[in-house]
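One structure below.
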Amino acid sequence: MDLLNQLETILESDPLIDEVGLIHPSQFITLSKECSESSNSSADGAFRPANTKFWNRDHKLGISTEILLPVCKAAKSAFMDAMEQYKTHSDLSVNKHEDKNMVYPSSSCQSFESEVMKHSRALLLLSCDLGTAWNARKLVVSKKQQLPMFTDELHLSALVLSYSHKSEQAWSHRRWVIKMIAGKYSNLQQIIAKESELVEKIAERSKMNYRAWNHRCWLVSYMTREQMLYELKKSRDWAGLHVADNSCFHYRRRLMLGISENKQGDDPSYDVENYQVVKALWLHRRFLSLCLIRHWMTTTDGISCHSTSMANEINIFLDKELCLLDPCSTIQDMEFEDFEAQAIYSTMYFLWLIKQIPEFRKIELQEKLKAGNLKNILHKTCPERSFLWDVLEL
Amino acid sequence: MAELAVDKHVKYILAVEKNKDSFESVVMDHLRMNGAYWGLTALDLLGKLDSVNVDEVISWILKCQHESGGFSGNIGHDPHILYTLSAVQVLALFNKLDVLDIDKVATYITGLQNEDGSFSGDMWGEVDTRFSYIAICCLSILCCLGKINVEKAVSYILSCKNLDGGFGCTPGVFCCVGALALTGSLHYVDKDLLGWWLCERQVKSGGLNGRPEKLPDVCYSWWVLSSLIMIDRVHWIDKEKLVKFILDCQDVENGGISDRPDDAVDVYHTYFGVAGLSLLNYPGLKAIDPAYALPVDVVNRIFFSG
């Protein structure tokens with residue numbers, strides 16, 4: 001219990017903690033030495049040289065691995081007790097004032113409330129997926145309906161996410177907070193923008209973090225069209241730097257869908273850029289091609305002159321795409337991984353493209369592909385997928 | 001090629017169930033109900049469900065049920081649809097569904113369906129297609145699927161674009177395919193397109209990954225494989241290579257299966273490895289149903305007796 005008190009005191013005294021980590025006991029000595037060397041005065045109240053269980057400096061919190069289990073157990077036990085008391089007590093006060101249709105928080109109810117918040121905070125830093133603890137906070141905060149409490153929840157979950165990037169519960173908690181704030185407070189757009197930045201920061205540290213990007217995709221439904229366009233522009237640079245991160249392209253696709261759903265008369269224009277050789281890009285290209293094809297399909301209205309122009313557009317597009325296949329037919333040496341990868345991914349892309357092309361264009365495409373020697377490349381690069389050739393009836 | 005170390009895995013699972021004092025078990029004890037499902041289903045597939053004390057398990061499960069009808073992950077925790085399914089599945093394994101007040105459980109689940117057909121996980125409202133699958137699977141086992149709005153549930157799932165040739169995540173794909181299978185709605189799926197995406201999950205080592213550029217993981221052996229079986233495209237992957245990959249993920253000394261070779265084992269991956277092998281018809285294992293994720297004889301018992 002004493003360990004728990006220590007932890008909670010530190011958390012109370014330093015509300016600006018932005019990073020939490022586990023420290024091996026032996027590292028405490030190193031850290032103490034570094035600190036005493038760099039600071040002249042020992043008047044820093046947060047720093048206890050003799051403490052080998054918790055380390056708190058510069059708004060960082062370190063917890064010794066040695067005490068992790070006991071303090072976790074203590075926090076859990078304290079939280080469960082507090083929850084029990086809080087629930088019983090709030091039931092009583094509801095019953096008392098049922099006829100007046102209001103709940104008057106008694107002072108002891110408020111103290112149980114603060115116990116629940118205090119213990120759940122400590123507990124969640126140690127065991128971040130404990131849904132019951134997050135729920136308890138939702139219960140308290142939803143009864144109070146005060147913006148500072150909501151922003152506190154964002155702060156706590158951000159802290160948890162700083163070391164536990166994939167915590168499903170933490171991300172879910174943030175979504176709940178945003179849903180609660182949406183429509184009530186005018187700075188929603190600001191909050192959404194900040195939220196998006198947070199994801200980007202976390203994605204920087206933990207590659208291909210599905211949950212982080214999933215959260216960002218969820219935010220899109222709260223964005224204005226301007227925000228979506230801005231995000232699309234911004235993520236283009238990020239995608240350029242993190243070309244293998246499929247999740248970023250998934251986000252861009254979500255934004256594009258959102259933008260096209262919010263169309264205001266003008267047609268969206270999709271850049272089909274020059275991509276480097278990475279699978280994520282080939283997959284992304286599938287999505288873009290699909291959008292283009294569907295776009296052409298939906299703009300035709302059956303009148304012959306329009307179909308001809310659409311046919312021309314598709315033809316030009318296909319001829320350009322086929323140029324991407326040229327390098328593969330001249331590859332002799334499959335030993336170089338890059339060339340092999342290029343051949344495999346581009347071949348799969350074209351097979352997929354054939355599947356997507358509307359029926360009446362298939363025959364022309366098949367002719368072009370036979371000329372481009374696609375079948376041989378397929379057999380050479382990924383023979384285990386040869387069956388797809390038959391599936392497509394080529 | 002290595003063989004499946006059945007006895008070691010049984011020993012491992014039984015030991016995990018008893019160990020309540022490590023940091024891992026303290027941090028994971030809020031999802032003990034899921035752990036029970038993974039461990040016990042794996043035991044049943046290995047033919048060793050009788051190694052467990054049925055009455056103890058059932059009495060613990062019932063202590064996890066709340067007034068709302070939903071089940072929590074452990075005693076004293078909040079209820080959630082995830083644990084409700086696991087509880088029902090475990091009771092089905094033991095052929096003890098009759099200890100349930102089925103209406104009560106059904107009420108909890110139907111209460112979680114939203115206007116647009118989607119499902120929330122609990123009273124706090126988080127929506128996810130996984131929860132759609134869970135609701136449909138659970139009510140299906142309890143033989144009262146008609147209590148939800150099935151049409152709306154299906155149209156919500158189809159609107160999620162998880163099945164458009166794979167722009168989502170594979171557990172999500174499994175949940176969508178499973179839900180559609182259980183509601184007789186698989187004809188809405190372009191099976192070639194989806195099968196394509198799924199078979200591309202197989203990497204050189206024979207293992208399956210969840211998304212492009214990610215490492216293979218034994219748990220995807222379940223999600224990708226069962227999806228492929230449900231849409232009748234399992235011949236699009238190299239089954240032998242996958243069997244070898246799963247067997248390489250075993251700890252043959254201490255029992256248990258890990259996410260990939262030489263990593264630490266856990267009950268979660270042990271279940272998915274054994275279930276995956278069952279789907280691949282590995283000899284000596286009971287058959288498992290890809291949609292219900294329960295042994296076939298358990299599913300038959302639910303629908304074809306009484």
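Tabulated values for the structure
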item: Failed item in (1) at pLDDT 95 or above; (2) over 17 Å from B:Ser258 (Cβ atoms); (3) touching a Ser or Thr at 6+ places or on another chain (Cβ under 7 Å); (4) among the aliphatic types (A, V, I, L, M), with B:Val27 passing the rest; result: (1)
item: Meets criteria (touching a residue at least 40 places away in the same chain (Cβ under 8 Å), part of a loop (DSSP other than H, G, I, E, B) and either over 28 Å from B:Val154 (Cα atoms) or not charged (D, E, K, R) (or both)) for B:His30; result: no
item: All helices (runs of 4 or more DSSP H) inside region B:198-306 with 3 or more residues being within 14 Å of chain A (Cβ to nearest Cβ) and either surrounded by 21 or more Cβ atoms within 10 Å (Cβ to Cβ) or on the phi < 0 side of the Ramachandran plot (or both); result: B:218-230, B:239-248
item: A:Asp91 being modelled with pLDDT under 90, within 13 Å of chain B (Cβ to nearest Cβ) and surrounded by fewer than 14 Cβ atoms within 10 Å (Cβ to Cβ); result: yes
item: Among residues of region A:1-41, those that are of a type in the set (S, T, N, Q) and modelled with pLDDT of 90 or more, counted; result: 4
item: Members of region A:6-23 found to be outside any loop (DSSP other than H, G, I, E, B) and of a type in the set (A, V, I, L, M, F, W, C), listed by number; result: A:Leu7, A:Ile10, A:Leu11, A:Val20, A:Leu22, A:Ile23
item: Check on A:Gln227, more than 14 Å from chain B (Cβ to nearest Cβ) and at positive phi; result: no
item: In region A:143-202, the residues that are over 12 Å from the mean Cα position of the chain (by Cα), closer than 18 Å to A:Tyr251 by Cα and not aliphatic (A, V, I, L, M); result: A:Lys194
item: Residue count, region A:169-194 (criterion: farther than 13 Å from A:Glu153 by Cβ and surrounded by 12 or more Cβ atoms within 10 Å (Cβ to Cβ)); result: 7
item: Number of the condition not met by A:Ser196 [criteria: (1) more than 14 Å from chain B (Cβ to nearest Cβ); (2) under 22 Å from A:Lys144 (Cβ atoms); (3) among the hydroxyl-bearing types (Ser, Thr, Tyr)]; result: (2)
item: Candidate set from region A:199-224 (those that are in a loop (DSSP other than H, G, I, E, B) and either surrounded by fewer than 18 Cβ atoms within 10 Å (Cβ to Cβ) or among the aromatic types (Phe, Trp, Tyr) (or both)); member that is farthest from the other protein chains (Cβ to nearest Cβ); result: A:Thr224
item: Residue among B:Asp251, B:Asp232 that alone is acidic (Asp, Glu), touching a helix residue (DSSP H, G or I) at 6+ places or on another chain (Cβ under 8 Å) and in contact (Cβ under 8 Å) with a residue 60 or more places away in the chain; result: B:Asp251
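The values are calculated or read from the model by the stated rules, or taken from the named source; none is laboratory data. No experiment lies behind these values; they were computed from the predicted model shown. Positions of Cβ are backbone-derived with ideal geometry, glycine not excepted, and every protein chain shown enters the neighbour counts.
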